[in-house]
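The values are calculated or read from the model by the stated rules, or taken from the named source; none is laboratory data. Quick caveat: nothing in here was measured; it's all calculated off a predicted structure. For neighbour counting, all protein chains shown are included, and Cβ atoms are generated from backbone atoms with ideal geometry for every residue, glycine included.
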Amino acid sequence: MSEFFKAVKSCDPNTESMTVTVIDGEHIGEKAVITGGSFSYLSEKDGFIKKHEQEITAVSDSGVREIDGIKVYLEYVGHEKKLVICGCGHVSLPIIKLGKMLGFSVTAIDDRPEFAGNAGDAGADIVITENFKDALQRIESDLFTYYVIVTRGHHWDEECLRVICSKPHAYIGMMGSKRRVSVVKENLVKEGIDKDVMDNVHSPIGLSIGSETPEEIAVSILAEIIEIKNAKKDFTVPGDILKAVNGSAHEEAEPGRKILATIIRKEGSAPREAGTKMLILRDKAINTIGGGLLESRIITKAREMLSKDDPGPELMHLTLSADAASQEGEVCGGNLDVFIEEIKQDE
């Protein structure tokens, strides 16, 4: 098992964590995980990263930084994005479907069995059929949990908001008229709910795009959630890559040697952002850094590395002009810096 990936997977979703990789110089490939401002994992106990602990742990955003003349790449550790929908009426059903399409784990709550059943049919991962207060109190919430309140009345809105505001969260959105929302907020502030938390509740919910139908409302809500989610660039190691490297409770890890490719810098119209990852094995690739000619070059290079006994990590600079992309039948060109490294199972 890769100790680095194990450390990433075990990061607390309620504590800010970052990964660090040295990407050039004699210490290239050295790694660390920072959790709560201190190292929770170091590939080299007394290496370059440890010796520059103060400068590295002071970095507050993702990207490439130069420390003592050496480039290091840092990125926030993301976690599974969870969407919790309170209310399973007609608006919630397209929210569930869109949430699943966008990769969220979706939980739907309603105290009416017939409506809860519809949520299950729409594809919710978890459906809870009981009163909102009890259901919400049991939900494990973290800084990657997005709450959408679309109940059938202000009494239930207030019940949901009262519980949710005391939980860690990434987003709270509540549907309702200005009067209905104002009454709910005023009541909760009088009860002692933190006014700052209440002021950050998104209501009216969703981006203002003139939505009318349930489907259009769902699009506006998910668009607002995407805007909030993407404001901070964190990157979750894709689940299929984690499973291939470390296995799961029911499956063994993929056999054989593996190369990990990570985009650390993007310029132009390349389709994927910094932090995007792909795993290359001898006979297949898992996930994608955007497809096309640039990805093909990465795969070729990774397979060359797999043909060597102990290849060192490399930083590849890839360029595809708009004209070259057009000639290859591709839409996107651009420049990418991609860090390629073999995953050592005995790190």
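Assorted remarks:
- Filtering segment 299-314 to residues that are in a loop (DSSP other than H, G, I, E, B) and closer than 18 Å to ASP337 by Cα leaves GLY312, PRO313.
- Screening ALA135, ALA119 for residues that are more than 26 Å from SER10 (Cβ to Cβ) and touching a Leu at 6+ places or on another chain (Cβ under 8 Å) leaves exactly one candidate, ALA119.
- Candidates LEU222, LEU293 - the one that is more than 22 Å from GLY29 (Cα to Cα) and not assigned by TED's automatic domain parsing to the domain that holds HIS317: LEU222
- All conditions but one from (1) at pLDDT below 80; (2) within 26 Å of GLY25 (Cβ to Cβ) apply to PRO271; the one that does not is (2).
- For segment 246-263, a residue qualifies if it is outside any helix (DSSP H, G or I) and surrounded by fewer than 21 Cβ atoms within 10 Å (Cβ to Cβ), and the qualifying residues are GLY247, SER248, ALA249, HIS250, GLU251, GLU252, ALA253, GLU254, PRO255, GLY256, ARG257.
- Enumeration of residues in segment 83-103 that are surrounded by fewer than 23 Cβ atoms within 10 Å (Cβ to Cβ) and in a loop (DSSP other than H, G, I, E, B): GLY89, HIS90, VAL91, LEU102, GLY103
- Exactly one residue out of GLU66, GLU80, GLU26, GLU55 is assigned to a helix (DSSP H, G or I) and either assigned by TED's automatic domain parsing to the domain that holds SER211 or out of contact with any Asp or Glu (no Cβ under 7 Å at 6 or more places or on another chain) (or both), and it is GLU55.
- Qualifying position, being of a type outside the set (Ser, Thr, Tyr) and free of Cβ contacts under 8 Å to residues at least 12 places away in the same chain, among HIS155, HIS202: HIS155
- Test: residue in segment 137-148 that is small (Gly, Ala, Ser) and over 17 Å from PHE104 (Cα atoms): no
- Meets criteria (closer than 19 Å to GLY63 by Cβ, touching a Ser or Thr at 6+ places or on another chain (Cβ under 9 Å) and surrounded by 20 or more Cβ atoms within 10 Å (Cβ to Cβ)) for GLU30: yes
- Count - residues of segment 1-23 that are in a loop (DSSP other than H, G, I, E, B), buried (at least 18 other Cβ atoms within 10 Å of the Cβ) and touching a strand residue (DSSP E or B) at 6+ places or on another chain (Cβ under 8 Å): 2
- Residues satisfying the stated conditions in segment 13-30, i.e. in contact (Cβ under 8 Å) with a residue 40 or more places away in the chain and of a type outside the set (Ser, Thr, Tyr): PRO13, ASN14, GLU16, MET18, VAL20, VAL22, ILE23, ASP24, GLY25, HIS27, ILE28, GLY29
- Candidate set: segment 134-165, residues that are loosely packed, with under 14 Cβ neighbours inside 10 Å and more than 21 Å from GLU212 (Cα to Cα); chosen: the one modelled with the lowest pLDDT: HIS155
- Residue count, segment 42-55 (criterion: buried (at least 16 other Cβ atoms within 10 Å of the Cβ) and at pLDDT 95 or above): 4
- Out of LYS243, LYS229, LYS266, sole residue that is surrounded by 20 or more Cβ atoms within 10 Å (Cβ to Cβ) and either under 21 Å from the mean Cα position of the chain (by Cα) or on the phi < 0 side of the Ramachandran plot (or both): LYS266
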